[in-house]
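Student: Take a look at this one; I'll ask things after.
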Amino acid sequence: MNDHPSVQSVLVVGTGLIGTSIALALREHGVTVKLADQDPGAVRLARELGAGDDWAPGGARVDLAVIAVPPQFVAQWLLDLQKTEAARFYTDVASVKVLPIAQAAQLGCDMSTYVAGHPLAGRERSGPAAARADVFLGRPWAYCPGPETSPEAVEAVRSLIKLCGGNAVEVDPVSHDEAVALVSHAPHVAASAVAARLADASETALGLAGPGVRDVTRVAGGDPGLWTVILSGNARPVAEILEAVAVDLAAAAAALRAVSVDDDAAIGRVTELLKRGNAGQRRIPGKHGGPPGAYAVVHVQVGDRPGELARLFQVAKDAGVNIEDVRLEHAPGLLLGAAELSVQPEAVEVLAGALRAHGWHVP
């Protein structure tokens, strides 16, 4: 049942991963959802997934229109929808905010009914088939009301965020774009630069690949076309972050070359960068947005067969141990792998003992 009277009906324009995920989340609360996309196949798939029904232009006005298209197209969609009075209020979910807001103002859009937004959530996969209703749970969802924005429009967007399970964060557009450049956009480019080194790597090198390189390059699997659009919309802030990273990398490379010619003191400059990296990594918020947790890890050998993880989690549940995080590493050529279970330090012996008692191999 929908407890947010300001949002009873929603139009989602753009049925990719984010748009379809929003629609699925809203449907779970009984919200009437209409779907639109320039790709009829995407709308059809989203509809088959239960995300909503086709939108008919000129039909009944909805409470809120969610524009889930690339940043460069948000303003034009906003203008076209406002001309037909498609909704009472409007928002978008583009990953940059300065560009669509500026373009909307230039086009003469009604800025009182528009609240720019950005859910900081997603997956490496794209398209409606990758959508999930729970993708926004507990995730930050930035929204950027302007000086002309009506309180009613803000209320509608905050209701949307709550219905989707997100954590509403009010921020100004410039600060938003600088922040996502640092925590999302530049890291994607950096990960892609590392992954690009693997394109011509030897089979020997690839055969030695472990969790470290997988962790660093995971986001590099994103859609290049989509990321090109995102980066184009936030080019200057991303460039500044990448230039700063490049300075650090160049200094590290120079120090390592000096070490290679017997300048032992040079390695201290690399150590300093590693220490700064430690300090930065520790500042990333942990569980529930609080300080990062100091978890201990229990290593367990698992078979590569259906139901293994379910059995593993059941043992933890029965032992009263909460698993804070889990990582899997497969053994090449073998039907087994290793699970790394992050738990509170005081729960290590309890979980390890319970697993051993149920026949699991815990080193």
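Student: Tell me, which residue of the range 1-52 that is of a type in the set (S, T, N, Q) and crowded, with 24+ Cβ neighbours inside 10 Å is farthest from residue 136 (Cα to Cα)? It would help to see each step written out before you state the result.
Tutor: Within the range 1-52, the first condition is being of a type in the set (S, T, N, Q), and the residues that meet it are 2, 6, 8-9, 15, 20-21, 32, 38.
Applying the additional criterion that residues be crowded, with 24+ Cβ neighbours inside 10 Å yields 15, 20-21.
Values: 15: 16, 20: 12, 21: 8 Å.
My answer is 15.
Student: Based on this model, can you work out whether residue 276 counts as under 23 Å from residue 182 (Cβ atoms), surrounded by fewer than 10 Cβ atoms within 10 Å (Cβ to Cβ), among the basic types (Lys, Arg) and at pLDDT 85 or above?
Tutor: Numbers: under 23 Å from residue 182 (Cβ atoms): yes; surrounded by fewer than 10 Cβ atoms within 10 Å (Cβ to Cβ): no; among the basic types (Lys, Arg): yes; at pLDDT 85 or above: yes.
Against the criterion (under 23 Å from residue 182 (Cβ atoms), surrounded by fewer than 10 Cβ atoms within 10 Å (Cβ to Cβ), among the basic types (Lys, Arg) and at pLDDT 85 or above), residue 276 does not qualify.
Student: Here is a further query. If I ask for residues that are under 25 Å from the mean Cα position of the chain (by Cα) and at pLDDT 95 or above, which ones from the range 104-126 would you list? Show your work before the answer.
Tutor: Applying the first criterion (under 25 Å from the mean Cα position of the chain (by Cα)) to the range 104-126 yields 114-126.
114, 115, 116, 117, 118, 119, listed by residue number.
Student: Looking at the range 53-76, can you tell me whether even one residue there is assigned to a loop (DSSP other than H, G, I, E, B), loosely packed, with under 13 Cβ neighbours inside 10 Å and at positive phi?
Tutor: Yes: one or more hits.
Student: Looking at the range 177-188, is at least one residue loosely packed, with under 15 Cβ neighbours inside 10 Å, assigned to a loop (DSSP other than H, G, I, E, B) and of a type in the set (A, V, I, L, M, F, W, C)?
Tutor: No.
Student: Report yes if some residue within the range 288-297 is assigned to a helix (DSSP H, G or I) and modelled with pLDDT under 85; otherwise report no. Give the steps one after another, and end with the answer.
Tutor: Our first condition is that a residue be assigned to a helix (DSSP H, G or I); within the range 288-297, this holds for 288-289.
Of the ones still in play, those that are also modelled with pLDDT under 85 are 288-289.
Yes, some residue in the range 288-297 is assigned to a helix (DSSP H, G or I) and modelled with pLDDT under 85.
Student: Same structure, new question: Which residue pairs have Cβ atoms under 7 Å apart, sit 6 or more places apart or on different chains, and have a first residue in the range 213-237 that is among the basic types (Lys, Arg) and a second that is at pLDDT below 85?
Tutor: Pairs that qualify, where the first residue is among the basic types (Lys, Arg) and the partner is at pLDDT below 85, are 218/124.
Student: So, one more: Report yes if residue 202 is surrounded by fewer than 11 Cβ atoms within 10 Å (Cβ to Cβ), among the polar types (S, T, N, Q) and not assigned by TED's automatic domain parsing to the domain that holds residue 96, otherwise no. Spell out how you get there, then give the answer.
Tutor: Details: surrounded by fewer than 11 Cβ atoms within 10 Å (Cβ to Cβ): yes; among the polar types (S, T, N, Q): yes; not assigned by TED's automatic domain parsing to the domain that holds residue 96: yes.
Yes: the conditions hold for residue 202.
Student: Now for a separate question. Of all residues in the range 171-182, how many are touching a residue at least 60 places away in the same chain (Cβ under 8 Å) and not small (Gly, Ala, Ser)? Spell out how you get there, then give the answer.
Tutor: To start, the set of residues in the range 171-182 that are touching a residue at least 60 places away in the same chain (Cβ under 8 Å) comprises 173-174, 176-177, 180-181.
When the remaining residues are screened for being not small (Gly, Ala, Ser), the result is 173-174, 176-177, 180.
So the answer is 5.
Student: Name the single residue that is surrounded by the most Cβ atoms within 10 Å (Cβ to Cβ) among those in the range 93-126 being β-branched (Val, Ile, Thr) and either out of contact with any strand residue (DSSP E or B) (no Cβ under 7 Å at 6 or more places or on another chain) or assigned to a helix (DSSP H, G or I) (or both). Before the answer, list the steps.
Tutor: Here is the first cut: in the range 93-126, the ones β-branched (Val, Ile, Thr) are 93, 96, 98, 101, 113, 115.
Filter once more, so that each one left must be either out of contact with any strand residue (DSSP E or B) (no Cβ under 7 Å at 6 or more places or on another chain) or assigned to a helix (DSSP H, G or I) (or both): 96, 98, 101, 113.
Details: 96: 28, 98: 21, 101: 24, 113: 23.
So the residue we want is 96.
Student: Here's another thing I want to ask about it. Checking the structure you have, find out if any residue of the range 65-80 is in contact with a strand residue (DSSP E or B) (Cβ under 8 Å, 6 or more places away or on another chain) and either of a type in the set (Lys, Arg) or farther than 23 Å from residue 145 by Cβ (or both).
Tutor: Checking the range 65-80: not a single residue is in contact with a strand residue (DSSP E or B) (Cβ under 8 Å, 6 or more places away or on another chain) and either of a type in the set (Lys, Arg) or farther than 23 Å from residue 145 by Cβ (or both).
Student: Would the range 31-43 turn up any residue that is closer than 25 Å to residue 225 by Cα and touching a Pro at 6+ places or on another chain (Cβ under 7 Å)? Break it down stepwise before answering.
Tutor: Within the range 31-43, the subset closer than 25 Å to residue 225 by Cα is 35-43.
When the remaining residues are screened for being touching a Pro at 6+ places or on another chain (Cβ under 7 Å), the result is 42.
Yes, the range 31-43 has at least one match.
Rundown of residues vs (1) in the same structural domain as residue 230 (by TED's automatic domain parsing); (2) in contact (Cβ under 8 Å) with a residue 60 or more places away in the chain; (3) among the hydrophobic types (A, V, I, L, M, F, W, C), yes/no style:
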| position | (1), (2), (3) |
| --- | --- |
| 29 | no, yes, no |
| 42 | no, yes, yes |
| 59 | no, no, no |
| 78 | no, no, yes |
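The values are calculated or read from the model by the stated rules, or taken from the named source; none is laboratory data. Computed from a predicted model, the values in this text were never measured in an experiment. Because the Cβ atoms are built from the backbone with ideal geometry, glycine has one as well, and the counts that use them run over all protein chains shown.
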